[in-house]
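Below you will find the structure I want to go over with you.
The values are calculated or read from the model by the stated rules, or taken from the named source; none is laboratory data. Predicted model, so just to flag it, every value in this text is computed and none were measured. Positions of Cβ are backbone-derived with ideal geometry, glycine not excepted, and every protein chain shown enters the neighbour counts. These area figures cover heavy atoms from the full protein model, side chains too; ligands, DNA and RNA do not enter into them. Shrake-Rupley method; radii C 1.70, N 1.55, O 1.52, S 1.80 Å.
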Amino acid sequence: MTVLITNIGELTTNDPELGQLTNAALVLDGDRVVWTGPAGDAPAADNLVDVEGRAALPGWVDSHTHLLFAGDRTAEFTARMAGQPYAAGGIAVTVNATREATDEQLTEGLRRHLAEAASQGTTCLETKTGYGLSTEHELRSARIAGQLADEVTFLGAHLVPPGWAADDYVRLVCGEMLDAVAPHVRWADVFCETGAFNEDQSREVLKAAAAKGLGLRVHGNQLGHGPGVRLAVELNAASVDHCTHLTPSDIDALAGSSTVATLLPACDLSTRQPLPEARKLLDAGATIALASNCNPGSSYTSSMAFCVATAVLQMRLTVEEAVRAATWGGARALGRDSGDGAVGVLRPGARADVHVLDAPSVTHLAYRPGVPLTHSVWRCGLRVR
């Protein structure tokens, strides 16, 4: 059944040939976009939806979340706001709660967060394991996430669990744990940071994952300068995420590579870290993505609109650059930006993921920060709001 979405006042396509259109229309057929162009030229369809001059754009592509968890870390947030520094060790609190939760509790929590994100225009979402940190619990997380999320990343190397020597735990991650989880995920990640895994340990994890055929991602340069960016570029990782503390050589390395710099501004605000230098990255020629990093400890928000507004108001991006980073950039970080069924773009053959704003332009995302502007959402051609 075809759907004609017409009278679009401003249509952001992210397609280099189509560009941004005014007085536009889209035709959806099943889970694909089949036509894009001027409203007056639109073909007939089974159903017509008149959006009355509102802006439309691809659904948000949130390429970095941690939604498979149980428990609450409100106390940690309160302490941080009172001046205590953020440290990666808080992850252990969530690990304990997640291990104690039932499959049903974890599934329901993930469903709830996915629905929350979709209601705000997120139509493609990656999430990670990493709150199990044992073969049994990492495998459980991967199986549950794989039933619901678009993309799943293995993050067994999130933190060294209490009672383990770091090198012994890395051997577990690279061996038994990876063997168990690999059939259920597409990506592998490592937290390459002081307090988590050093450069040699991170390289070992990533090389083992690559040997299993998994794509690579890296948590890097969040808490200070370090080897994360350099390692991600060396191993041709799809993305390096956080990028809060970059040297000029890190920026040059990203600009000269295919690795996407995924920026997580909501996390930096919550942990009172400096915001990434998005302007310098773009001006150097690097590809950037914006993502929510939704997780219970350091960034408990699923609002991509908040990330876009922050990038514009505090990181010196234009609205168009921020929107592109939160849609096409996220798709690029997930390897889903091209070909049939691409996300983050609205052109014939793309997945039918459409976000209509209750505003005439995407500029309102930053012009009216904090205002809920999502009017309607289609995901895979089905209207979910």
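For segment 49-151, what is the convex hull volume of its Cα atoms per residue in Å³? Write down the numbers at each step before the final one.
Details: hull volume 14.1 nm³, N = 103.
In segment 49-151, the Cα hull volume divided by residue count equals 137 Å³.
Further, regarding this structure: Suppose each label sits 7 Å from its Cα in the direction of the beta carbon; what would the Glu17-Gln147 distance come out to in nanometres?
4.2
Under the 0.36 nm per residue contour assumption, what length would be gained going from the current alpha-carbon distance of Arg272 and Ser134 to full extension?
46.6 nm
For the residue pair Asp72 and His225, what label-to-label distance in nm results when each label sits 7 Å from Cα along the Cα-to-beta-carbon direction?
Result: 4.2 nm between the two label points.
With charges set only on the Cβ (+1 for Lys and Arg, -1 for Asp and Glu), what does the dipole of the chain come to about its Cα centre, in debye to the nearest 20?
320
Kirkwood hydrodynamic radius for segment 1-69: how many Å is it when counted over pairs of different Cα atoms? All intermediate terms of the calculation are to be shown ahead of the outcome.
Numbers: mean 1/r = 0.0773 Å⁻¹.
That comes to 12.9 Å for segment 1-69.
Given the options Tyr131, Gln84, Gly121, identify the residue whose Cα lies farthest towards the positive end of the charge dipole of segment 72-134 (+1 on Cβ of Lys, Arg; -1 on Cβ of Asp, Glu).
Projecting each Cα onto the dipole axis, the largest value belongs to Gln84.
Still on this structure, please answer the following. By how many nm would the segment from Glu176 to Ala211 grow when fully extended, if each residue of separation counts as 0.36 nm and the alpha-carbon distance is taken off?
Once the chain is fully extended between Glu176 and Ala211, it gains 11.2 nm.
To the nearest 20 debye, what charge dipole does segment 1-146 have about its Cα centre, counting +1 at the Cβ of each Lys and Arg and -1 at the Cβ of each Asp and Glu?
560
Compute the accessible area per residue over the chain, keeping the other protein chains in place, probe 1.4 Å, unit Å².
Working: 14480 Å² over 385 residues.
The answer is 38 Å² per residue.
Further question: Which length gain, in nm to one decimal place, applies between Asp340 and Lys280 when the Cα-Cα distance is subtracted from 0.36 nm times their residue separation? Display every interim value, and only then the final one.
Working: separation 60, 0.36 × 60 = 21.60 nm, distance 3.24 nm.
Gain in length upon complete extension: 18.4 nm.
Considering the values (i) 37, 26, 18; (ii) 35, 22, 20; (iii) 31, 25, 17, which represents semi-axes √(5λ) of the Cα gyration tensor in Å as calculated for the structure under consideration?
It is the one labelled (ii).
I've got another one for you. Which lysines, if any, have their Cα less than 18 Å from the Cα of Lys128, not counting same-chain residues under 8 positions apart?
Lys212
Val260's amide H: which non-local residues (gap 5+, or another chain) put their own amide H closer than 5 Å, with H modeled 1.01 Å from N in plane and none for Pro or chain starts?
Result for Val260 returns Ser239, Val240.
For Thr374, which sequence-distant residues (separation of 5 or more, or a different chain) have an amide H within less than 5 Å of its own amide H, given hydrogens modelled in the peptide plane?
When sequence neighbours closer than 5 places are left aside, the close amide H contacts are Asp358.
Using only helices, what value at 222 nm comes out for the chain when you add -39,500 (n - 2.57) per DSSP H run of length 4 or more and divide by the total residues, to the nearest 500 deg cm²/dmol?
The helix-only estimate for the chain comes to -9000 deg cm²/dmol at 222 nm.
Which whole-Hz couplings ³J(HN,Hα) result when phi for each residue of segment 122-133 is put into the Karplus expression 6.51 cos²θ - 1.76 cosθ + 1.60, θ = phi - 60°, listed in order with x for Gly and Pro?
Each residue's phi maps through the Karplus curve to give 7, 10, 9, 9, 9, 9, 10, 7, x, 10, x, 6 Hz.
Additional query: By the scheme Lys and Arg +1, Asp and Glu -1, what is the net charge of all other residues having a beta-carbon under 12 Å from that of Glu321?
Overall, the nearby charge balance is +1.
Report the Cα centroid-to-centroid distance between segment 3-35 and segment 140-183 in angstrom, as an integer.
Each part reduced to its Cα centre gives a spacing of 40 Å.
Ok, one more. Would you mind telling me the antiparallel percentage of the DSSP bridges in segment 237-385, rounded to 5?
55
Of Thr36, Ala75, Ala255, which is farthest along the charge dipole of the chain in the positive direction, counting Lys and Arg as +1 and Asp and Glu as -1 at C-beta?
Toward the positive end, the furthest listed residue is Ala75.
With the chain treated as a Gaussian network of Cα nodes joined by springs under 10 Å, which of Ser257, Ser299, Ser202 yields the largest mean-square fluctuation?
So, out of Ser257, Ser299, Ser202, the one fluctuating most is Ser257.
Ordered by residue, what ³J(HN,Hα) values in Hz, to whole numbers, does segment 108-116 give under the Karplus form 6.51 cos²θ - 1.76 cosθ + 1.60, where θ = phi - 60° and Gly and Pro are x?
Rounded to whole hertz, the list is 5, x, 5, 4, 4, 6, 5, 5, 4.
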